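Everything below concerns the one structure shown next.
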Amino acid sequence: MTENTANGEHRDYLPAERQDMILSLLTRQSVATVAELADLLHTTDITVRRDLTVLAKAGLLKRVRGGAMSVASSDTDSPDATASRGQDSTETSIAGGLISSSRPRLHPELGADQPAIGIMLPEPSFFWPRVIDCMRESAAKQGMRIVTRESSYDEGTREDEILDELAADPTVCGIIAAPNAHHKTGERTWDWIMNSSIPVVAMERSQPILAGHTVDSVRTNHHYGVRKAAVHFLEHGHTRIGAAFSETPTAAQIQEGWNLVLDGTDRIDCPFQFNGIPPYSTSGVNEVVDRIIESGATAMLIHSDYLAIAVAQQLERRGKHVPDDVSIISIDGFATPSSRPLTVLRSPAKELADSAICAILNRIQFPEFATRQVFVDPVLVDRGSVAQI
């Protein structure tokens, strides 16, 4: 770096002076890019990288792709240590991770050279746009931006190519991804993730059982959510409860949770369980409704929203009303508010987004730490579709 002298000439800053200014900047903001620092110090990218390497080896900052990130005080050697700090702490533990709290933030209008988190999530639905918005807000608070790429629920989607594109961006320091649920397509995506040199957090997906290693993940705790639904039914006097599930990327976890509930208690009599019912299949929906009427089930646990709506509509065509004749809890909770008031189990978008950002920042800062599997409990929203009997 150079500065103007009294006679207008320039002098180069010494390495120690440059490094001190880098550390000073990182006390005011949590991240800085090589390009940003080179511009600030009026020097080359190579010189900045050399300075960052020196400071990183001294433990004074954390190197990330394309820049550097500030670290906790020297007496902290893990994210969990922040839990015991007092009010003067510069960081706070959120969802098991580090989120800067009292450090000044970068300007919210982040430039294209600002450190970024790559996001690969499926095509827009009721759920994902809200999650992405929350991720953007959470990342911006850390002086980072997000770069989003849309994948697909369709089989054959080349998600590895999407991930290659994200990884090729020199500002991307880590990636959050929801791999495709189709076996062959997802297998290719998981292979990419497992061999990635860039930190990756998996979102809302179960990892391969026999993978060589695991990566950090953030998922809705559907097992616990199903328990919430069961308790809600029981509190309203329902014990004869049927179940019907569409085929979705999370359906297997929901089914597994329901079966664990049934195995763990004799208070619930489940006369039938349908799996893989398309919500727009007239014959499939009619079959579900036939079994409800024949079995005398007083309540239904249904996934997804579309299937719950279709079943409720078909029940009414048969002279059965929700909740007077049949109570329903839907697992999704994003389509029902604008269609009919069904009590729902909803994955909390903000909590999932914040947890995912925390997880990727932790992995960037502490690459040697054991992986973490974070589960976020769904919220039960009571809209009155479960009647008291």
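Read the figures in this text as sums done on the coordinates, not as results from a lab. These numbers come from a predicted model, not from an experiment. Neighbour counts run over all protein chains shown; Cβ positions are idealised from the backbone, glycine included.
Brief remarks follow.
- Taking a straight line from the alpha carbon of Lys320, these lysines sit under 27 Å away, with near neighbours fewer than eight places off in the same chain left out: Lys228.
- 12 Å Cα-Cα reach of Lys141 towards aspartates and glutamates, excluding residues that sit fewer than 8 places from it in its own chain: Glu109, Asp354
- Shape annotation for segment 245-342: C-alpha extents along the principal axes are 35, 29, 24 Å, from largest to smallest.
- A Förster radius of 30 Å combined with the Cβ-Cβ distance from Phe375 to Glu155 puts the calculated FRET efficiency at roughly 0.65.
- Pairwise FRET efficiency - Asp169 versus Ser295, Cβ, R0 = 56 Å, nearest 0.05: 0.55
- Once the Cα-Cα distance is subtracted from the 0.36 nm per residue extended length, the Met194 to Tyr280 segment shows a gain of 27.3 nm.
- Burial ordering of Cys173, Cys270, fewest other beta-carbon atoms within 10 Å first: Cys270, Cys173
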